[in-house]
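First comes the structure, then the notes that go with it.
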Amino acid sequence: MLAADKVWVEQHDHYMKQTYRNRCIIAGPSGRIDLTVPTVKPDSLKCETKDIRISDHGNWRHLHLYALESAYGNTPYFEYYRDDFVPFYERRYEFLMDFNEALQEMICGLLDMAPCVERTVEYLPVVPEGALDLREVIHPKRDYVALDGAFRVVSYYQVFQERLGFLPNLSIVDLLFNLGPESLVLLKRST
């Protein structure tokens, strides 16, 4: 987002399971922890991402907030940012896209970023010339470093680093809770 003049968020592609659309990875005391927002099973295999609804099954909101508190309660900036995240686990969003968009806007605000972000109006199988297509790159099962040569991993302090070593490719909350206002500086060094 920092390197682009404009960012388009794809909303008309067919929703795929096991992507970052409904999950993130944080660092816990024993290693990586997947936090997944449960979704309602779509009526068809070709449901657009914009139509995916959040499921209220289980106690995922409480579990996510508990996991964040357990993993980051001792980080330098958790207490400073905690209250910004709580509303996302109290309010019930109907659609996954709306939840993600609101969370993204809040995090960009905390990072003092103001990217120009819009949702797509239709699915484009081929992006316009000069645009960088990251739709299939940012995926838990793909090597983003090999696929996106403009991005490089820059290590930073993590609360469990002594025990686990540096864990790359975690959620932005890991960076935010560990580095606070310095997060933007590190993000700029990564591009």
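Values quoted throughout were computed directly from the atomic coordinates according to the rules given, and no laboratory measurement underlies them. Predicted model, so just to flag it, every value in this text is computed and none were measured. In this analysis, Cβ positions are derived from the backbone assuming ideal geometry, glycine residues included, and neighbour counts consider all displayed protein chains.
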Self-check item: Residue-averaged 222 nm ellipticity for the chain, from DSSP H runs of 4+ at -39500 (n - 2.57), nearest 500
Solution: -9500 deg cm²/dmol
Quiz item: Semi-axes of the equivalent ellipsoid of segment 1-148: what are they in whole Å, largest first, if each equals the square root of 5 times a C-alpha gyration tensor eigenvalue?
Solution: 26, 20, 16
Quiz prompt | By average C-beta atoms within 10 angstrom, highest first, the peptides 57-68, 168-179, 100-111 | solution = 168-179, 100-111, 57-68
Quiz item: Leaving out same-chain residues fewer than 8 places away, which lysines sit with a Cα under 20 Å from that of K41?
Solution: K17, K50
Quiz prompt | Rg/Rh ratio calculated on Cα atoms of segment 18-91 (Kirkwood radius) | solution = 1.03
Quiz item: Hey, if you put +1 on the Cβ of every Lys and Arg and -1 on every Asp and Glu Cβ in the chain, which of Y80, G58, A102 ends up farthest toward the positive end of that dipole?
Solution: G58
Quiz item: Using alpha carbon centroids, what distance separates segment 12-38 and segment 108-122, in Å?
Solution: 20
Exercise. Report the residues of segment 1-32 in range of a label on L167: point 7 Å along Cα→C-beta, backbone N strictly under 17 Å from it.
Key: 20, 23-32
Self-check item: Within the chain, percent of DSSP bridges classed antiparallel, to nearest 5
Solution: 75
